[in-house]
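Written below as structure tokens is the structure these notes are about.
Each reported figure results from applying straightforward, stated rules to the coordinates on display, with no laboratory input. Fair warning: this is a prediction, and the values are worked out from it, not measured in the lab. Ideal geometry is used to build each Cβ from the backbone, glycine not excepted, and the neighbour counts take in all protein chains shown.
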């Protein structure tokens, strides 16, 4: 399917493909963030990669510059409470084993990763701790407790560069994710790359298409006034192109997450970010 006619129907104005907002300097509470870097060697069709923050309106951008104004921090506070909440048959909280949440600094930059031959995400690690160490029920992938906890843990890596491993044991998972990224699916016969590689910067439905970077997740979306998980956003995109979504937490979305994380190599973790 040729994407151009579809875009023409939806365009509210064109910023020009391969463009980003003029406001290109992001500091959060005085800490500078990297929002633009040269594309890593394994990204074949881009010269430069940009954070999704670069494609937002000035008003939306401003919300992320101050934690007091960032609406996602309501959920981070919930994560703090959950971190200390005793749950499960072992009468433990996260803090029973992990005394300081700050010890998770750097973890967000390295996920997903291969562990015992399996590709795991932060959600996997959290639920493994809940079921194996706390004797508690696993949390649902994109529900409030999980996104609150991933926001709290991801926050500890804010400002650090994304740097996932894609070779060795991770290579087959990365290749699977790459194939999914370029495969056309759904009634609109579209792939991730059609929007986020071929047409980023284009204005559609009063919003700019970004490069689809995931360095800010979980992200607070003004559209639905809640924290959104990476896989929840994947699911929403697939529905938008009238495709049957893969399962959140399934092998396909985990592989796609690894591939997208690798495309953002060098961008600062912005968790929790604010997007439209």
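Below, the figures for the structure above:
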read-out: Ratio of Rg to Rh over the chain (Cα coordinates, Kirkwood Rh, two decimals); value: 0.96
read-out: Rounded tilt (10° steps) of 171-182 against the dominant C-alpha axis of the chain; value: 40
read-out: Percentage, to the nearest whole number, of Cα pairs in the range 73-155 over 18 Å apart; value: 40
read-out: Kirkwood Rh in Å, taken over the range 148-188 so that all alpha-carbon pairs contribute; value: 13.1
read-out: Extension gain from residue 131 to residue 143, taking 0.36 nm per residue of separation minus the Cα-Cα distance; value: 2.6 nm
read-out: Cα centroid separation - the range 79-104 against the range 135-186, whole Å; value: 21
read-out: Relative contact order for the range 122-252, counting Cα pairs under 8 Å that sit 6 or more residues apart, in percent; value: 22
read-out: Residue 118 versus residue 95: modelled label distance in nm, points set 7 Å from Cα along the beta carbon direction; value: 2.9
read-out: Average Cα contact separation per residue, the range 62-199, under 8 Å, 6 or more apart, as relative contact order %; value: 26
read-out: Mean Cα-pair separation over length for the chain, i.e. relative contact order, pairs under 8 Å, 6 or more apart, %; value: 29
read-out: For the range 78-227, the spread of Cα positions along each principal axis, largest first, Å; value: 50, 39, 32
